[in-house]
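Notes to accompany the following structure.
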Amino acid sequence: MSSAPVVPAPAAGGPTDILTQIRNEYQARFLAGQALIALDLQEATLASTTVAKWAADSASKGSVDPAATVTAEAAWKQANDVLKAQERSLKEMVTMLEKQIASHKATNPSDVVLVLEEQIRTLSGIRHVQEKSERETQALLKVLLAEKTQLTGPAAERKP
């Protein structure tokens with residue numbers, strides 16, 4: 001006798017309505033994108049930090065220690081493997097998340113539109129603040145460059 005698969009109930013404190021679930025999924029997708037960027041940066045930083053430390057150690061000793069090189073490479077590899085595993089897991093979760101969002105688009109399009117409109121309003125507000133800040137920065141930069149030009153003359157003016 002075959003029984004139907006058991007679908008786990010949402011965890012306590014989990015989403016109780018479809019709008020909350022959709023909001024959470026879109027937020028998670030945004031946050032996952034940021035996390036992937038951060039992982040890429042961590043990976044690049046890990047490599048450059050490892051090489052810089054190894055090079056400094058070698059230079060301070062006046063020679064390359066093969067045993068220390070193996071240790072440095074092993075430490076880098078272990079840390080890099082952790083970052084790669086995090087990246088793989090995150091990408092897999094995003095793939096599953098995209099399928100869930102596609103399902104909502106098919107079954108609850110009006111709810112998805114509502115959430116998208118909320119996010120568009122939020123991002124438009126953020127963009128407005130960023131544009132205002134950029135205009136203020138440009139104005140301040142012009143003032144500073146003008147002050148520098150007054151002190152050094154136009155020939156010494158260079159754009160940053």
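Observations, loosely collected:
- Lys/Arg +1, Asp/Glu -1 at C-beta; the range 18-107 dipole; positive extreme among Gly33, Thr50, Trp76: Gly33
- The sum of -39500 (n - 2.57) across all DSSP H runs of n ≥ 4, divided by the residue count of the chain, sets its helix-only mean residue ellipticity at 222 nm to -30000 deg cm²/dmol.
- Neighbours of Asp111, meaning other residues whose beta-carbon lies under 14 angstrom from its beta-carbon, give a summed charge of -2 when Lys and Arg score +1 and Asp and Glu score -1.
- Dipole magnitude of the chain about its Cα centre (Cβ charges: Lys, Arg +1; Asp, Glu -1), debye to nearest 20: 340 debye
- Radius ratio Rg over Rh of the range 18-107, counting only Cα atoms, Kirkwood formula for Rh: 1.27
- Label corresponding to Kirkwood radius over Cα pairs in Å when calculated from the structure given, among (i) 21.8; (ii) 18.5; (iii) 15.8: (i)
- Under 28 Å, Cα to Cα: Lys pairs in the range 18-107, sequence gap 8 or more or different chains: 8
- Packing-based exposure ordering (other Cβ within 10 Å, fewest first) of Glu136, Glu73: Glu136, Glu73
- Neighbours of Pro66 by Cβ distance under 13 Å: Lys/Arg scored +1, Asp/Glu scored -1, total -2.
- A simple spin-label model places the labels of Ala47 and Leu140 3.5 nm from each other, with each point 7 Å out along Cα-to-Cβ.
- Lysines whose Cα lies under 30 Å from that of Lys148, excluding same-chain neighbours fewer than 8 positions away: Lys132, Lys159
- The range 45-52 - phi-based ³J(HN,Hα) in whole Hz, Karplus 6.51/-1.76/1.60, Gly and Pro as x: 5, 4, 5, 5, 5, 4, 5, 4
No value in this document is a laboratory result; all are computed from the given coordinates. Treat the numbers as computed from the prediction; the structure is a model and nothing was measured. Counting neighbours? That spans all protein chains shown, and the Cβs are built from the backbone with ideal geometry, glycine included.
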